[in-house]
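Scroll down for the structure; my scribbles are underneath it.
The values are calculated or read from the model by the stated rules, or taken from the named source; none is laboratory data. All of these numbers come straight from a predicted model, not from anything done at the bench. Every residue, glycine as well, gets a Cβ built from its backbone with ideal geometry; the counts of neighbours run over all protein chains shown. Note: areas computed on protein heavy atoms with side chains; ligands, DNA, RNA excluded. Shrake-Rupley method; radii C 1.70, N 1.55, O 1.52, S 1.80 Å.
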Amino acid sequence: MTAAANIAPADPRAREGRTGILPKVAEFAAPLALVVLWVAFFIATPNFLTLDNIGDLLVASTILTVLALGQQFAITVGGIDLSVGANLPWSAALLGYMTSHGHSVTAGIVVAILGGLAVGVVNGLLVGRLHMTDFVVTLGMLSVLSGCTLLLTHGNTVAVNSRFLQRLALDGIGPVRWFWLLALVAALVVAGIIFRTRIGTHLLATGGRLEAARDTGISVDRIRLFAYAIAGLLCGVAGVMLVARNGGADPSVQTTYLLSSIAAVVLGGSSLSGGKASVLGTVCGAVLFTSLINGFTILGISQYYQPVAVGAVLLLAAGISRFRK
């Protein structure tokens with residue numbers, strides 16, 4: 001009797017059920033991974049799942065959440081925005097420059113947000129109108145902005161002393177912090193645009209199949225311009241939040257934020273090839289990465305392992321995306 005003789009013919013329904021599990025698990029990769037990570041850190045140290053630490057962790061995650069929500073737009077249309085790693089400190093530097101030169105904090109905030117938006121518009125024009133490769137455009141913009149930020153700040157951190165920004169970062173309405181509300185509003189607005197408006201339908205159609213979207217009359221050039229502009233706008237908002245939290249503008253390139261923003265979107269359920277978006281998944285992905293850094297810090301693990309962990313999760317996210325429907 002051979003081994004092959006003992007093997008019964010595979011039941012197609014059973015095979016379909018088994019192959020259907022992986023896509024379903026992959027759809028909820030970010031929430032599941034977040035639960036597993038929190039349980040693992042809770043077992044490793046009792047200092048992780050405390051109200052104070054979870055509150056601070058959620059506040060820290062809001063900056064990445066807003067940044068990843070912007071990245072969500074670029075990825076939804078089948079692109080990617082590598083410039084967020086420099087647009088974030090660029091926007092923060094604009095705020096620091098304005099306040100250090102005698103302008104009001106309000107003017108600085110407006111300039112910072114408009115500065116982030118301007119970068120997104122330029123990216124959108126080059127990608128949408130001139131049909132340049134998004135990877136090259138945003139990578140080039142990353143380098144340009146890094147240099148401009150260093151020129152603006154002379155390579156030094158610019159302190160921003162503002163009572164308003166301090167209260168924005170530390171206070172809130174009762175137990176609800178202002179940063180939580182900002183991230184919640186940003187998530188609701190992004191979800192509303194993508195899933196409840198015609199522009200959102202066009203964003204998904206453009207990312208799903210570019211030529212088919214163009215044939216149906218969708219102005220894919222304008223849609224891609226819109227996507228990168230919103231990504232830049234949210235980058236400016238995140239820059240203001242970063243200054244509020246740190247009390248100053250750090251000109252160093254935030255490469256960790258860049259990788260984490262991409263990984264949060266992909267791990268959250270969006271497709272790197274475009275045409276699919278998940279705002280809730282992106283938010284969970286952002287909290288997941290912040291939890292990873294927070295847990296490492298509490299456990300006293302060297303910060304040199306943090307980019308290793310972020311890169312590993314990014315690779316994991318790319319692998320999981322293969323199993324999604």
Handout entry: Test result for LEU88, in contact (Cβ under 8 Å) with a residue 12 or more places away in the chain, within 19 Å of the chain's Cα centre (by Cα) and not in a helix (DSSP H, G or I)
Key = no
Handout entry: Single condition PHE42 does not satisfy, out of (1) in a loop (DSSP other than H, G, I, E, B); (2) open to solvent by 50 Å² or more (accessible area, probe 1.4 Å); (3) modelled with pLDDT of 70 or more
Key = (1)
Exercise for the section: Mind listing whichever residues of region 247-276 are closer than 18 Å to TRP90 by Cα, β-branched (Val, Ile, Thr) and surrounded by 19 or more Cβ atoms within 10 Å (Cβ to Cβ)? Expected result: VAL253
Problem - Single match in ALA213, ALA191 (criterion: modelled with pLDDT under 95 and either of a type outside the set (A, V, I, L, M, F, W, C) or part of a helix (DSSP H, G or I) (or both)) - result: ALA213
Exercise for the section: State which residue is farthest from THR62 (Cα to Cα) when the search covers only region 170-186 and only residues that are among the β-branched types (Val, Ile, Thr) and open to solvent by less than 90 Å² (accessible area, probe 1.4 Å). Expected result: VAL176
Completion exercise
Flagged in region 281-322 as out of contact with any helix residue (DSSP H, G or I) (no Cβ under 8 Å at 6 or more places or on another chain) and assigned to a helix (DSSP H, G or I), in numbering order, are THR297, VAL308, ALA312, LEU315, GLY319
Handout entry: Selected residue (criterion: farthest from ALA191 (Cα to Cα)) from residues of region 51-82 that are more than 13 Å from the chain's Cα centre (by Cα) and crowded, with 24+ Cβ neighbours inside 10 Å
Key = GLY79
Practice task
Filter region 145-159 down to the residues that are part of a helix (DSSP H, G or I) and open to solvent by 80 Å² or more (accessible area, probe 1.4 Å), then identify the one that is farthest from ILE54 (Cα to Cα).
Solution key: LEU151
Fill in the blank from the handout: Given (1) open to solvent by less than 30 Å² (accessible area, probe 1.4 Å); (2) out of contact with any Phe, Trp or Tyr (no Cβ under 8 Å at 6 or more places or on another chain); (3) at pLDDT below 95, LEU32 misses just (1)
Handout entry: Single match in THR290, THR282 (criterion: at pLDDT 85 or above and within 24 Å of ALA44 (Cα to Cα))
Key = THR290
Exercise for the section: Inspect all residues belonging to region 160-169 and state whether any of them is open to solvent by less than 60 Å² (accessible area, probe 1.4 Å), in contact (Cβ under 8 Å) with a residue 60 or more places away in the chain, hydroxyl-bearing (Ser, Thr, Tyr) and closer than 30 Å to ILE80 by Cβ. Expected result: no
Completion exercise
If you go through ILE223, ILE218, the only one that is free of Cβ contacts under 8 Å to residues at least 60 places away in the same chain, open to solvent by 10 Å² or more (accessible area, probe 1.4 Å) and more than 13 Å from the chain's Cα centre (by Cα) is ILE218
